[in-house]
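Q: The structure's right below; bear with me while I get my questions together.
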Protein chains: 2
Amino acid sequence: MRDHGGDIDKAARRFGRDDWIDLSTGINRRPWPVGTISEHALTALPTGASYVRLQEVAALAFGCAPEQVAPMAGASAAIQILPRLLVPEGRAGRAAVISPSYNEHAASLRASGWEVAEAATIAALHGADLAVVVNPNNPDGRSWQPAEIAALAREVGHLIVDESFADPRPELSIIPSLPENVTVLRSFGKFWGLAGLRLGFAVTQTALHRRIAEHAGPWSVSGPALEIGAAALADRDWARDAVVWLAEAAVHLDQIMMAQDCTLVGGTHLFRLYETADAAALQERLARHAIWSRIFPYNPRWLRLGLPGSRAEFGRLREVFNA
Amino acid sequence: MRDHGGDIDKAARRFGRDDWIDLSTGINRRPWPVGTISEHALTALPTGASYVRLQEVAALAFGCAPEQVAPMAGASAAIQILPRLLVPEGRAGRAAVISPSYNEHAASLRASGWEVAEAATIAALHGADLAVVVNPNNPDGRSWQPAEIAALAREVGHLIVDESFADPRPELSIIPSLPENVTVLRSFGKFWGLAGLRLGFAVTQTALHRRIAEHAGPWSVSGPALEIGAAALADRDWARDAVVWLAEAAVHLDQIMMAQDCTLVGGTHLFRLYETADAAALQERLARHAIWSRIFPYNPRWLRLGLPGSRAEFGRLREVFNA
């Protein structure tokens with residue numbers, strides 16, 4: 001597997017301890033409260049009716065029609081499948097991916113035979129047969145307005161917009177005004193804090209979503225994911241409260257880290273990227289206190305932190321620097 | 001979606017009622033008792049450690065080495081992926097599938113460009129670049145001994161053996177003596193009665209299992225599936241009791257149906273296939289009592305029933321014929 005956050009078992013092997021606060025991902029540490037999972041969701045083959053129910057709830061949340069929504073086993077599944085389906089007439093062309101960004105996009109494109117260029121700016125994506133933007137971007141938090149995304153769509157063959165971190169910022173989403181040649185990926189696990197469930201969505205204007213479902217095969221989304229996803233996405237009160245908590249937590253985290261000579265590079269409601277003199281040293285210092293963070297092989301000064309999920313977790317973080 | 005069992009929502013729309021006994025699948029209706037799912041399994045990205053733990057438990061259950069086992073999101077996921085990975089040098093060749101059998105195999109092969117022949121016997125599979133056998137077979141219950149499977153493997157390029165219904169009959173499995181050119185698929189949801197979880201396995205002797213994992217992408221198996229799968233597969237006492245219950249239930253079901261002028265065509269511990277004068281009429285009669293069954297577009301005399309899961313369910317079935 002490529003270098004990712006969430007590899008908490010490796011951290012535990014290296015540093016010992018069993019009371020880790022995993023801030024190495026962008027997964028909300030205050031998850032939507034899952035109650036009892038129905039026996040039906042666990043035992044029966046997922047039904048068409050439960051799939052349609054999730055499409056309807058997701059469409060309402062995203063601002064599109066239910067038929068545009070393809071539920072999938074995580075945004076990751078879409079990242080694997082789309083480059084294969086978008087190969088024009090059996091021969092992959094030139095793809096361009098915003099960079100730096102989530103590393104699975106370029107890897108999956110290359111595995112499907114695409115020639116992949118990394119682009120530092122939106123303008124540098126122009127002319128690609130297939131372009132990928134993560135909006136807001138991971139790890140640096142750059143974001144683009146829907147008008148900018150729409151303008152980019154006119155300059156490329158097909159555009160994939162990975163909105164995995166867009167739930168707290170619906171005004172950024174291109175979904176309500178989706179051009180024909182744009183496919184949007186949404187994550188469920190990050191904002192709702194339920195990454196273990198494996199649920200995500202591809203949203204398109206075209207028949208592509210039927211080809212995605214065919215490629216994934218029958219019952220590709222689990223019963224618990226269909227059931228919990230539909231209940232959580234319908235819980236708009238929880239979502240509003242979560243956005244407020246996350247925004248306040250982000251401000252709080254920035255204050256703590258800036259007092260440690262970290263500069264904020266950028267971030268979203270779900271992670272913050274800091275520049276520091278020696279990111280590996282800071283990661284190790286945090287890890288000795290059982291707080292796991294993310295560093296990047298391509299930039300020795302960057303450290304990314306997810307947001308602590310409670311006052312107690314913030315307290316543990318402050319202890320690191322008071323020790 | 002192709003014609004499958006488990007479409008209980010369609011049955012409900014057609015016949016009303018909400019107290020269905022779904023016998024349209026081969027899923028054990030006495031599921032392994034899932035306790036509480038850990039918060040970690042729901043919230044965190046599945047870890048490498050939980051994946052390895054499941055590989056170890058599955059290997060012990062199947063009779064192979066842990067490295068041979070690729071956990072997947074259902075045997076269905078393997079059925080979708082394998083035909084793509086087994087395409088030799090970019091051009092699919094001639095595949096042959098035992099017939100009649102589970103319809104997703106031929107469909108998935110065709111979607112990957114394979115020319116697909118249907119073979120009534122094992123001998124008719126000889127010479128194929130890629131052959132598929134379901135052992136024991138669905139829906140007719142035909143089965144082949146490991147020596148027959150090994151002999152077949154010598155006559156084809158690559159052989160996929162779908163052992164989705166083999167858990168109660170470990171002596172049929174080719175896994176403990178797996179030839180290099182054979183890939184075995186195992187299901188978790190059927191025998192353990194937890195089809196909603198989406199868990200299955202591909203078992204190989206070769207590096208193919210690494211290519212399967214790469215193709216599926218990171219975190220393709222959910223946290224609950226990894227956790228519950230490892231716990232259930234380690235519960236050999238439950239498995240032994242389940243085999244006894246299922247065998248007795250099969251005898252019982254055959255008696256009931258044979259008293260209704262049904263002939264047993266064949267079956268496994270998880271489903272029974274009957275021949276009757278008019279399968280659609282019998283399906284409708286059962287459906288009016290909210291028991292859902294499976295009929296087949298290619299044979300108007302075949303009706304397949306999963307096994308009732310309790311005395312109460314057997315009672316409901318007997319009522320149909322006493323009414």
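Q: Report yes if some residue within segment B:59-72 is at the interface with chain A (Cβ under 10 Å from one of its Cβ atoms) and touching a Gly at 6+ places or on another chain (Cβ under 9 Å); otherwise report no.
A: no
Q: Also, I was wondering about something else. Can you tell me which residues in segment A:187-217 are of a type outside the set (S, T, N, Q), modelled with pLDDT of 95 or more and either more than 30 Å from residue B:110 (Cα to Cα) or more than 18 Å from the chain's Cα centre (by Cα) (or both)?
A: Across segment A:187-217, the qualifying residues are A:188, A:189, A:190, A:191, A:192, A:193, A:194, A:195, A:196, A:197.
Q: When you scan segment B:118-153, how many residues do you find that are without any contact (Cβ under 8 Å) to a residue 24 or more places away in the chain and open to solvent by 50 Å² or more (accessible area, probe 1.4 Å)?
A: Counting residues in segment B:118-153 that are without any contact (Cβ under 8 Å) to a residue 24 or more places away in the chain and open to solvent by 50 Å² or more (accessible area, probe 1.4 Å) gives 5.
Per-residue answers, yes or no, for (1) part of a helix (DSSP H, G or I); (2) acidic (Asp, Glu):
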residue: B:137; (1), (2): no, no
residue: B:164; (1), (2): no, no
residue: B:185; (1), (2): no, no
residue: B:205; (1), (2): no, no
residue: B:214; (1), (2): yes, yes
residue: B:232; (1), (2): yes, no
residue: B:244; (1), (2): yes, no
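Q: Mind checking which residues of segment A:247-264 are touching a residue at least 40 places away in the same chain (Cβ under 8 Å) and either small (Gly, Ala, Ser) or outside any helix (DSSP H, G or I) (or both)?
A: The answer is A:247, A:249, A:250, A:259, A:260, A:262.
Q: Let me ask you something else. If residue A:110 satisfies all but one of (1) in a helix (DSSP H, G or I); (2) open to solvent by 30 Å² or more (accessible area, probe 1.4 Å); (3) under 21 Å from residue A:186 (Cα atoms), what's the number of the condition it fails?
A: The number of the failed condition is (3).
Q: Next question, about the same structure. Which ones in segment B:111-129 are under 20 Å from the mean Cα position of the chain (by Cα) and either hydrophobic (A, V, I, L, M, F, W, C) or at pLDDT below 95 (or both)?
A: Result: B:119, B:120, B:122.
Q: Going through segment B:273-292 one residue at a time, which ones are closer than 21 Å to residue B:138 by Cβ and open to solvent by 10 Å² or more (accessible area, probe 1.4 Å)?
A: Let us first name the residues in segment B:273-292 that are closer than 21 Å to residue B:138 by Cβ, namely B:273-276, B:279-280, B:282-283, B:286, B:291-292.
Hits for segment B:273-292 are B:275, B:276, B:280, B:282, B:283, B:292.
Q: If you don't mind, another one. Could you check segment A:242-263 and list, in sequence order, the residues that are touching a strand residue (DSSP E or B) at 6+ places or on another chain (Cβ under 7 Å) and open to solvent by less than 60 Å² (accessible area, probe 1.4 Å)?
A: The answer is A:250, A:253, A:254, A:257, A:262.
Q: Hey, another quick one. Of the numbered conditions (1) under 23 Å from residue B:102 (Cα atoms); (2) surrounded by 24 or more Cβ atoms within 10 Å (Cβ to Cβ); (3) in contact with a helix residue (DSSP H, G or I) (Cβ under 8 Å, 6 or more places away or on another chain), residue B:181 satisfies every one except a single condition; which is it?
A: Tallying (1) under 23 Å from residue B:102 (Cα atoms); (2) surrounded by 24 or more Cβ atoms within 10 Å (Cβ to Cβ); (3) in contact with a helix residue (DSSP H, G or I) (Cβ under 8 Å, 6 or more places away or on another chain), residue B:181 fails exactly one: (2).
Q: Between a first residue in segment B:80-103 that is within 14 Å of chain A (Cβ to nearest Cβ) and a second residue that is part of a helix (DSSP H, G or I) and open to solvent by 50 Å² or more (accessible area, probe 1.4 Å), which pairs have beta carbons less than 8 Å apart while being 6 or more apart in sequence or on different chains?
A: B:83/B:111; B:85/B:211
Q: Any residue in segment B:265-290 that is part of a strand (DSSP E or B) sitting within a Cβ distance under 9 Å of a residue that is open to solvent by 20 Å² or more (accessible area, probe 1.4 Å) and hydroxyl-bearing (Ser, Thr, Tyr)? List the pairs, counting only those 6 or more apart or interchain.
A: From residues that are part of a strand (DSSP E or B), the pairs are B:266/B:143; B:274/B:263; B:275/B:263.
Q: Do we have any residue at all in segment A:26-34 that's at pLDDT below 95, under 30 Å from residue B:309 (Cα atoms) and within 11 Å of chain B (Cβ to nearest Cβ)?
A: Checking segment A:26-34: not a single residue is at pLDDT below 95, under 30 Å from residue B:309 (Cα atoms) and within 11 Å of chain B (Cβ to nearest Cβ).
Q: State all residues of segment A:13-25 that are charged (D, E, K, R) and within 10 Å of another protein chain (Cβ to nearest Cβ); if no residue qualifies, say none.
A: A:13, A:22
The values are calculated or read from the model by the stated rules, or taken from the named source; none is laboratory data. Worth saying up front: this structure is predicted, and the values here are computed from it rather than measured. Because the Cβ atoms are built from the backbone with ideal geometry, glycine has one as well, and the counts that use them run over all protein chains shown. Calculation scope for accessible area: heavy atoms of the full protein, side chains included, ligands and nucleic acids excluded. Shrake-Rupley method; radii C 1.70, N 1.55, O 1.52, S 1.80 Å.
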